[in-house]
Amino acid sequence: MPDKLSHSSATEPHRSVCLVVDEMHPSLPEMLRAVGVEIHYQPTLTAAEVPAALAAFPYDGLMVRSKLRVTAGLLAHGPHLRYVARAGAGVDNIDEAAMAAAGVTLLNAPEGNRDAVGEFALGLLLALFRNIARADHEVRQGQWHREANRGEEIGGKTIGLLGYGHMGRAFARRLSGFGCTVLAHDTDPSCAADDHATLVSLAELQARAEVLSVHIPYSAANHQYVNEGLLQGFRAPLWVLNTARGEVLDHAALVTGLQAGTVCGAALDVLENERLGALTLEQQQRFDFLAQAPNVVLTPHVGGWTHQSYARINEVLAQKIAAFLRTSKPELAGS
């Protein structure tokens, strides 16, 4: 019998039994039990061990973070699965076509960390405009360069958001008190305007924005969506922020822009390859340039990673699983 964090027995009637294969906030078991879900908590499983775990028990739920890819092959080992819960916003490790073909519902939790990302994007913009990281390093080295660290103000700037979903909206809300103009472009025709940003075409975004903040999900269609051609379409000089996914930004184009001065600074919470010990030669060369550039801020994919969001993601997923179980036909594990 798999290890589990539950006071209930697997033989008792449950609306759902969910295999959890990544580390989660300790509030998860109680939250899921409250909505009729028993969990088998196995965060020490490797990605290679998950298929066998799915095959060994009739789970109808699987909860993941980023340990493994959910593919047709993986789903074949869990014939009883009805839902996969992704603890986070991005679903680039989920084959959504395979999920649909298998009749498995995808639940994710962008509401859980959108506030964290919105705050962090604002922090990156302030750090970039006011040279905070560079100035901190200099003072620690006994250097006192006030004029060289004279910065820019957000007030009066035009901030362009590429993507206006949960994360873009959270950033726009936090910009609302800074006296700046916020424009947003989104290709989703159902994207609705609000009081915090004006929805515009991509051409208008390029014509007016002084800052480009990227908030689009990764997909094959969005691979290097922010490329040399797109960057060259903006007014120069342009400031670039990326708190989305590294693969949506062509890092070669970014380096070229920084070297040419058409991009005057960048703040990146995500990289094209975040396994820094496994960079290709070209990736290493680009990373070395970015790491040494005084007008670049780099952080290790922590935009949505706070103590509060860690727990809030559990709350969102528990609510979504409960709603799913209410509206779908119950099918008891082991039946």
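The values are calculated or read from the model by the stated rules, or taken from the named source; none is laboratory data. Computed from a predicted model, the values in this text were never measured in an experiment. Neighbour counts run over all protein chains shown; Cβ positions are idealised from the backbone, glycine included. These accessible areas exclude ligands, DNA and RNA; they are computed on the full protein's heavy atoms, side chains included. Shrake-Rupley method; radii C 1.70, N 1.55, O 1.52, S 1.80 Å.
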Open item on the list: Given the options ALA48, ALA53, ALA101, name the one that is open to solvent by 10 Å² or more (accessible area, probe 1.4 Å), touching a strand residue (DSSP E or B) at 6+ places or on another chain (Cβ under 9 Å) and either in a helix (DSSP H, G or I) or under 23 Å from TRP305 (Cβ atoms) (or both).
Closed with: ALA53
Open item on the list: Can you tell me which residue is least open to solvent (accessible area, probe 1.4 Å) among those in segment 188-218 that are among the hydroxyl-bearing types (Ser, Thr, Tyr) and at pLDDT 95 or above?
Closed with: SER213
- [ ] State which residue is most open to solvent (accessible area, probe 1.4 Å) when the search covers only segment 161-187 and only residues that are assigned to a strand (DSSP E or B) and under 26 Å from GLY88 (Cβ atoms).
- [x] HIS185
- [ ] Go through segment 262-283 residue by residue and tally those that are of a type outside the set (A, V, I, L, M, F, W, C) and open to solvent by 60 Å² or more (accessible area, probe 1.4 Å).
- [x] 6
- [ ] Report yes if some residue within segment 76-86 is more than 24 Å from THR327 (Cβ to Cβ), part of a helix (DSSP H, G or I) and not hydroxyl-bearing (Ser, Thr, Tyr); otherwise report no.
- [x] yes
TODO: Search segment 17-45 for residues being touching a residue at least 12 places away in the same chain (Cβ under 8 Å) and β-branched (Val, Ile, Thr), and hand back the single one that is surrounded by the fewest Cβ atoms within 10 Å (Cβ to Cβ).
DONE: VAL35
Open item on the list: For segment 58-71, which positions are over 23 Å from the mean Cα position of the chain (by Cα) and either in a helix (DSSP H, G or I) or within 22 Å of ASN314 (Cβ to Cβ) (or both)?
Closed with: TYR59, ASP60
TODO: Mind telling me which of the residues LEU126, LEU161 ends up being touching a Phe, Trp or Tyr at 6+ places or on another chain (Cβ under 9 Å) and closer than 27 Å to LEU230 by Cβ?
DONE: LEU161
